[in-house]
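Heads up, the thing below is written out as structure tokens.
The values are calculated or read from the model by the stated rules, or taken from the named source; none is laboratory data. Bear in mind the structure is a predicted one, so any value in this text is a computation, not a measurement. Here the Cβ positions follow ideal geometry from the backbone for every residue, glycine too, while neighbour counts run over all protein chains shown.
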Amino acid sequence: MVAKHGFLVFVDAIVVPANLLIVVARSDDYFFGVLHSRIHEVWALRMGTRLETRPRYTPTTCFETFPFPWPPGKEPQDDPRVEAIAEAARELDRLRSTWLNPPEWTREEVLEFPGSADGPWARYVHDPDERGIGTVRYPRTVPKDVECAINLKARTLTNLYNQRPTWLALAHAKLDAAVFAAYGWDPAMTDEQLLESLLALNLERAASGCTS
């Protein structure tokens, strides 16, 4: 993935990603939050490559080498630090989603068509018959009218992060504070201090036989 800004978004299981997108097979807010933190951003910018002047996120060097606060799959779900990250991540996702699709400009439209109960549309299938074929009712967000459709074209994550309004900066600051707390580190750490600490954590885990 090559981009000025690195975005993480949740996508439905029915979506077939393009070949340049990077898919992380996790659906929890905690994981989303850690990957969207300043700590991971600093690591990815150092460990990734570049295409001209734009950073390129490479999974083998940016994701697979990144030491999470706890090794993936071993984070304690009842730990308040995990929940704090998840809560901040949910709020960031909610705020961005509302900005991208303001309720006053959008409405819900339900598409209906035949689908299989054991296919990609499974959770949207209603009243399947003995063959497992039922009616897919898939809700999607669409513009309320032509004027709203024109306005929505400017509502992209790239434009949002280029503008970086105060509410977005505050949401990221809250998320960063929660992630730093999970590591037990000071949010005022410089990028170089962060990289040194992440490397030390990697080496410590490697010595004990743990993965990132």
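Table: residues versus (1) modelled with pLDDT of 95 or more; (2) within 30 Å of HIS36 (Cα to Cα); (3) surrounded by fewer than 15 Cβ atoms within 10 Å (Cβ to Cβ).
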position	(1), (2), (3)
ARG81	yes, yes, no
GLU91	yes, yes, no
ARG94	yes, yes, yes
PRO102	yes, yes, yes
THR106	yes, yes, no
VAL110	yes, no, yes
TRP121	no, yes, no
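Given the conditions (1) in contact with a Ser or Thr (Cβ under 7 Å, 6 or more places away or on another chain); (2) hydroxyl-bearing (Ser, Thr, Tyr); (3) surrounded by 15 or more Cβ atoms within 10 Å (Cβ to Cβ), which single one is not true for THR141?
(3)
Run down LEU160, LEU175 and say which single residue is among the aliphatic types (A, V, I, L, M), touching an Asp or Glu at 6+ places or on another chain (Cβ under 9 Å) and part of a helix (DSSP H, G or I).
Of the residues listed, the single one that is among the aliphatic types (A, V, I, L, M), touching an Asp or Glu at 6+ places or on another chain (Cβ under 9 Å) and part of a helix (DSSP H, G or I) is LEU175.
Before we move on, is PRO76 over 20 Å from LEU157 (Cβ atoms), in a loop (DSSP other than H, G, I, E, B) and touching a residue at least 40 places away in the same chain (Cβ under 8 Å)?
Judged against the criteria, PRO76 is not a match.
Looking only at residues that are of a type in the set (Val, Ile, Thr) and under 18 Å from LEU199 (Cβ atoms) in region 49-79, which one is surrounded by the fewest Cβ atoms within 10 Å (Cβ to Cβ)?
THR60
Are any of the residues in region 58-70 in a loop (DSSP other than H, G, I, E, B) and of a type in the set (Val, Ile, Thr)?
Yes, the conditions are met somewhere in region 58-70.
Looking only at region 64-79, count every residue that is within 20 Å of HIS172 (Cα to Cα) and either of a type in the set (Phe, Trp, Tyr) or modelled with pLDDT under 95 (or both) and tell me the total.
2
Tell me yes or no: at least one residue of region 42-52 is touching a Leu at 6+ places or on another chain (Cβ under 7 Å), of a type in the set (Lys, Arg) and assigned to a helix (DSSP H, G or I).
yes
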